[in-house]
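The values are calculated or read from the model by the stated rules, or taken from the named source; none is laboratory data. Owing to the predicted nature of the structure, the values given are computational and were not obtained by experimental measurement. Ideal geometry is used to build each Cβ from the backbone, glycine not excepted, and the neighbour counts take in all protein chains shown. What goes into the accessible areas is simple: the full protein's heavy atoms, side chains included, and nothing from ligands, DNA or RNA. Shrake-Rupley method; radii C 1.70, N 1.55, O 1.52, S 1.80 Å.
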Amino acid sequence: GLAPVEAMALGCVPILSNAASLPELIDHEQSGLLVSPNNPEEIRNTIHKLQNEPSLWRQLSLGARSRVEALFSWDRVVGRCLEAYGLT
């Protein structure tokens, strides 16, 4: 899941499969979009939707960047690790 987070940090809108741990990276329709796994038609339609709705792309781009800043900064990651090990 690191590649989508890195892309989100640059303002890219992630289109992720609704499978495994990928849905945890975004808030659907706020910081990215989820699609069914192994569904090329749905992926294509989602890409076209972003292409045809620039305001949606801008909204999701800002949401993606904000989510990275809020959840995936080094301070936040270190804090979660310390919590997991019971050190806080």
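So the values come out like this:
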item	result
Yes/no for Val77 being under 18 Å from Leu22 (Cα atoms), open to solvent by less than 70 Å² (accessible area, probe 1.4 Å) and free of Cβ contacts under 8 Å to residues at least 24 places away in the same chain	yes
Flag if Gln59 is modelled with pLDDT of 95 or more, more than 12 Å from the chain's Cα centre (by Cα) and surrounded by 13 or more Cβ atoms within 10 Å (Cβ to Cβ)	yes
Number of the exception - Glu53 against (1) surrounded by 11 or more Cβ atoms within 10 Å (Cβ to Cβ); (2) on the phi > 0 side of the Ramachandran plot	(2)
Tabulated pairs, the range 53-70, first among the aromatic types (Phe, Trp, Tyr), second surrounded by fewer than 18 Cβ atoms within 10 Å (Cβ to Cβ), C-beta under 7 angstrom, 6+ apart or interchain	Trp57/Leu50
Looking only at the range 8-23, and only at residues there that are outside any loop (DSSP other than H, G, I, E, B) and touching a residue at least 12 places away in the same chain (Cβ under 8 Å), the one that is nearest to Arg44 (Cα to Cα)	Ile15
The lone exception for Glu42 - which of (1) closer than 14 Å to Val5 by Cβ; (2) assigned to a helix (DSSP H, G or I) it fails	(1)
Test: residue in the range 14-22 that is closer than 18 Å to Ser73 by Cβ and either over 13 Å from the mean Cα position of the chain (by Cα) or modelled with pLDDT of 95 or more (or both)	yes
Matching option when the condition is aliphatic (A, V, I, L, M) and open to solvent by less than 70 Å² (accessible area, probe 1.4 Å), among Leu2, Leu16	Leu16
Number of positions in the range 22-32 that are on the phi < 0 side of the Ramachandran plot and open to solvent by less than 70 Å² (accessible area, probe 1.4 Å)	6
